[in-house]
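Let me begin by presenting the structure, written as structure tokens, before commenting on it.
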Amino acid sequence: MAYTYMLLCSDRSLYVGSTTDLDYRMSPHRVGLGAEYTRSRLPVQLVWYEQYDNVAHAYEREKQIQNWSRAKRIALIQGRLGDLPRLANTSATPHD
């Protein structure tokens, strides 16, 4: 199994990552040993994830979502999948 996930950071920014073990990966994120981006933005909260059979697919999805705008990421988190095409034309801000 593999996962693509989003974390809400203390500064309200959104971090997107992928992993083969979501539970294991969350521990370092929560104590400041995860990605450099999240280390200075504690605490973090898991707000969304998708599961994949293949780690390559999870990584591809991570890269796709990283290029999305904040509005589009929030729509995904909230399950407003019908809004995603409309939000595709909004500008992207990395990690935000």
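Rule-based calculations on the coordinates, nothing more; no lab input. None of these values were measured; they are calculated from a predicted model. Glycine gets a Cβ as well: all are built from the backbone with ideal geometry, and neighbour counts include every protein chain shown.
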- Task: Just report the Cα centroid separation between the range 28-55 and the range 57-90, whole Å.
- Result: 17 Å
- Query: Where the convex hull is taken over the Cα atoms of the range 2-87, what is its projected area averaged over directions, in nm²?
  - Reply: 5.3 nm²
- Item | Mean residue ellipticity (222 nm) of the chain, computed from DSSP H runs ≥ 4 via -39,500 (n - 2.57), nearest 500 | -10000 deg cm²/dmol
- Of the residues Gln51, Gln66, Gln78, which exhibits the maximal mean-square fluctuation in a Gaussian network model of the chain defined by a 10 Å Cα contact cut-off? Gln78
- Work out how much length Leu81 to Asn67 would gain on full extension: take 0.36 nm times their residue separation and subtract the Cα-Cα distance, in nm to one decimal. 3.4 nm
- Note on the structure: Under the 7 Å Cα-to-Cβ spin-label approximation, Asp23 and Glu36 lie apart by a distance in nanometres of 3.1 nm
- Any idea what the relative contact order of the chain is, in percent, if you count C-alpha pairs under 8 Å spaced at least 6 apart? 31 percent
